[in-house]
Amino acid sequence: MNLKNKVILITGASSGIGEAVAKKFADEGALLALAARRKDMIDKIAQQLELKTRVAAYKCDVTNLDEVRNVYRQIKVDCGKVDIAFLNSGVSFRSGIKEFDSVKAKQTFDTNVMGLINFIEVLLPDFISEKNGVIVGVSSLADSRGFPKSGFYCASKAAASIFLESLRIELKPYNVKVITVRPGFVKTPMTDKNEFFMPFLMEPEKAADIIVKEIKKEKSRIQFPLAISLAVRLLRIIPDSLFEYLASREPIPRK
């Protein structure tokens, strides 16, 4: 896939993977539509990237369907269309029994699942009618099992991964590609809050390198790093009792 002059929408573009991927796409000559809740931050990123390519920035809360519709309409006015949607918005909260909070659960699912679905709803009519387009949904390797104190996050990412898989099958006859990105630990403002040791913690720039390279190869599933990807595959097939024993052990504190 040649990314030059492709119009790429990126949600959650104000930091972390979204920001790093935007820079890589700019290096490829893509035209960017950056969306995030923090308009001041994406405006700064857009100003930096305007030296390389054409960039437009939009304030958008992905949990608000009306706002998503309005932003998509404006993107089509400004850019003509969207070729690739990189749907990356995500949140995470510690969700142990002592911090249990249904409000945080709703925020997690509204952003990580409904935020994905809201943008796909507005994109699908155009992608299907044109029989062209790419949807890239960012999930996580945490979608594999219910890890302690991460129940809301793991469940939301499992929902996102399963939804994207279903969508991939349905959209294949329409030549619309669906790519699921499942990163391990990537250093972002979200993971900076974690107090436990994160093996193979990756800088967002390295993660973006992998993601963009694999998108160009049109891979249906992008998961990394290899060691954690293999580990979660193993965790999926071991007996539930063994997983629960291993998961109940005290995590290694973050240094």
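The values are calculated or read from the model by the stated rules, or taken from the named source; none is laboratory data. It should be emphasised that the depicted structure is a prediction, and the values quoted were computed from it without experimental measurement. Cβ: placed from backbone, ideal geometry, glycine included. Neighbour counts: every protein chain shown. Please note that ligands, DNA and RNA were not included when accessible areas were found on the heavy atoms of the full protein model with its side chains. Shrake-Rupley method; radii C 1.70, N 1.55, O 1.52, S 1.80 Å.
Output wanted: per-residue J couplings in Hz (rounded whole) for the stretch 138-143, from phi through Karplus 6.51 cos²θ - 1.76 cosθ + 1.60, θ = phi - 60°, x for Gly and Pro.
Once θ is set to phi - 60°, the couplings for the stretch 138-143 become 8, 10, 6, 5, 6, 6 Hz.
So if each residue of separation counts as 0.36 nm, and I subtract the Cα-Cα distance between ASP43 and LYS216, what length gain in nm does that give?
Net length gain for the segment: 59.6 nm.
Computed FRET efficiency, Cβ-Cβ of GLN74 and LEU246, R0 35 Å: what is it to the nearest 0.05?
Result of the calculation: an efficiency of 0.10.
If I model a spin label as a point 7 Å beyond the Cα along the Cα-Cβ vector, how far apart are those points for LYS172 and ASN64 in nm?
Roughly 3.9 nm, to one decimal.
Any idea how far apart GLU205 and ASN132 come out in nm if each label point goes 7 Å out from Cα toward Cβ?
Output for this residue pair reads 3.4 nm.
Just going by the charge dipole of the chain, with Lys and Arg at +1 and Asp and Glu at -1 on Cβ, which of ALA105, VAL138, VAL71 is farthest out on the positive end?
VAL138
What's the lysine pair count for the stretch 84-202 at a Cα cut-off below 20 Å, pairs eight or more apart or interchain?
Eligible lysine pairs with Cα atoms under 20 Å apart amount to 17.
Only one of the listed values, (i) 21.7, 84; (ii) 18.0, 55; (iii) 23.4, 70, was derived from the coordinates as Rg and Dmax of the Cα atoms in Å; which label is it?
(ii)
Amide H to amide H, which residues 5 or more places from TYR58 or on other chains are under 5 Å from it, using H placed in the peptide plane?
HN-HN under 5 Å from TYR58: LEU34, ALA35, ALA36.
So how strong a dipole does the stretch 114-255 carry about its Cα centre when Lys and Arg Cβ are +1 and Asp and Glu Cβ are -1, to the nearest 20 debye?
The dipole of the stretch 114-255 has a size of about 380 debye.
Take the Cβ-Cβ distance between SER102 and GLU165 as r, set R0 to 22 Å, and report the resulting FRET efficiency rounded to the nearest 0.05.
With a Förster radius of 22 Å, E is 0.20.
Along the positive direction of the dipole of the chain (beta-carbon charges: Lys, Arg +1; Asp, Glu -1; about the Cα centre), which of LEU226, LEU87, ALA36 reaches farthest?
Highest projection toward the positive end goes to LEU226.
Could you state the accessible area per residue of the chain in Å², with a 1.4 Å probe and every protein chain left in place?
On a per-residue basis, 51 Å².
With unit charges on the beta carbon (Lys/Arg positive, Asp/Glu negative), name the residue among PHE185, SER15, SER129 whose Cα is farthest towards the positive pole of the charge dipole of the chain.
Going by the charge dipole, the pick is PHE185.
Rank-order 88-100, 107-119 by packing density, defined as the average count of other C-beta atoms within 10 Å over each peptide's residues, highest first.
The packing order, highest mean first, is 107-119, 88-100.
Excluding residues fewer than 8 places away in the same chain, name every one of the aspartates and glutamates whose C-alpha is closer than 12 Å to that of LYS76.
ASP126
By per-residue mean of other Cβ atoms within 10 Å, what is the highest-first order of 236-249, 33-46?
Top of the packing list down: 33-46, 236-249.
Taking the Cα centroid of the stretch 38-81 and of the stretch 157-232, what is the distance between the two, rounded to the nearest whole Å?
Answer, in whole Å: 23.
Have a look at SER220, SER139, SER156 and tell me which one the Gaussian network model of the chain (Cα, springs below 10 Å) gives the largest fluctuation.
Fluctuation is largest for SER220.
Determine, from the Cβ-Cβ distance of LYS4 and LEU230 and an R0 of 45 Å, the FRET efficiency 1/(1 + (r/R0)^6), rounded to the nearest 0.05.
0.85
Give, rounded to the nearest 20 debye, the magnitude of the charge dipole that the chain has about its Cα centre when Lys and Arg contribute +1 at Cβ and Asp and Glu contribute -1 at Cβ.
For the chain, the charge dipole is close to 400 debye.
Taking the Cα centre of the stretch 1-140 as origin, work out the dipole magnitude from +1 charges on Lys and Arg Cβ and -1 charges on Asp and Glu Cβ, in debye rounded to 20.
Taking the Cα centre of the stretch 1-140 as origin, the dipole is about 180 debye.
Take the solvent-accessible surface of the protein heavy atoms, probe 1.4 Å, and return the percent of it on the chain that carbon and sulfur atoms account for.
Of all accessible area on the chain, carbon and sulfur atoms account for 55 percent.
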